[in-house]
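The structure appears right after this line, and notes come after that.
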Amino acid sequence: MIVLDTNILARFYVDDPGDPEAAKQRPIARRIITESPSLFVPITVVLELEWVLRAFYGFDAAQIVRVFEHLLGLRHVDTEEAERVAAALPLAAQGVDFADALHLAGSTHCTTLYTFDDRRFARRASRLGGSIRVIVPTETMLAAGTTP
């Protein structure tokens, strides 16, 4: 089994005609992904690929979801925690940051997720009505004993 790094997947999914190095590497990436009998994609590569597609290539949530739906659909590719990635995709499609969507998808056995990261995540997660409450804890909340 061959493990794939982020750059191989990025070259496969992104046509970057302005980059001469990419033009040489894309056909190689296509051959690797289409001709290899057994490939593995670690969860860390999934996370990094989402970041590269969004931050570097300007993909929007719908495009990113399509990439991962395609990747998860390749029978010869074993994506680590594929069920978790698949569960995160609808959340990401609804505007939840991909990493946060993975956090939620991997924490279904929990009742609450604490974050200082951002209140938008908490509001969005609440609106989506998932089983996990996302809370930005405050000193006042803790002093009042209102922790779950």
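The values are calculated or read from the model by the stated rules, or taken from the named source; none is laboratory data. Bear in mind the structure is a predicted one, so any value in this text is a computation, not a measurement. All Cβ positions, glycine included, derive from the backbone under ideal geometry; neighbour counts span all protein chains shown.
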Note to self: Can you tell me which residue is nearest to E69 (Cα to Cα) among those in segment 79-113 that are in a helix (DSSP H, G or I) and among the acidic types (D, E)?
What the structure shows: E83
Check: Can you find a residue in segment 75-84 that is of a type in the set (D, E) and modelled with pLDDT under 90?
Finding: no
Check: Under 7 Å by Cβ, and 6 or more places apart or on different chains, what pairs join a residue from segment 72-98 that is under 17 Å from L49 (Cβ atoms) with one that is modelled with pLDDT under 95 and outside any helix (DSSP H, G or I)?
Finding: R84/G106
Item checked: Count of residues meeting criterion [in contact (Cβ under 8 Å) with a residue 60 or more places away in the chain and loosely packed, with under 12 Cβ neighbours inside 10 Å] in segment 1-47 -> 1
Check: Is it the case that some residue within segment 65-75 is farther than 21 Å from V14 by Cα, crowded, with 20+ Cβ neighbours inside 10 Å and in contact with a Leu (Cβ under 7 Å, 6 or more places away or on another chain)?
Finding: no
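Among the candidates E50, E80, E35, which residue alone is farther than 25 Å from I132 by Cβ, outside the structural domain of P137 (by TED's automatic domain parsing) and not aliphatic (A, V, I, L, M)? Full working, then the answer.
Values: E50 fails: farther than 25 Å from I132 by Cβ; E80 fails: farther than 25 Å from I132 by Cβ.
Being farther than 25 Å from I132 by Cβ, outside the structural domain of P137 (by TED's automatic domain parsing) and not aliphatic (A, V, I, L, M) holds for just one of E50, E80, E35, which is E35.
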Item checked: Complete set of residues in segment 60-78 that are among the hydrophobic types (A, V, I, L, M, F, W, C) and in a loop (DSSP other than H, G, I, E, B) -> L74
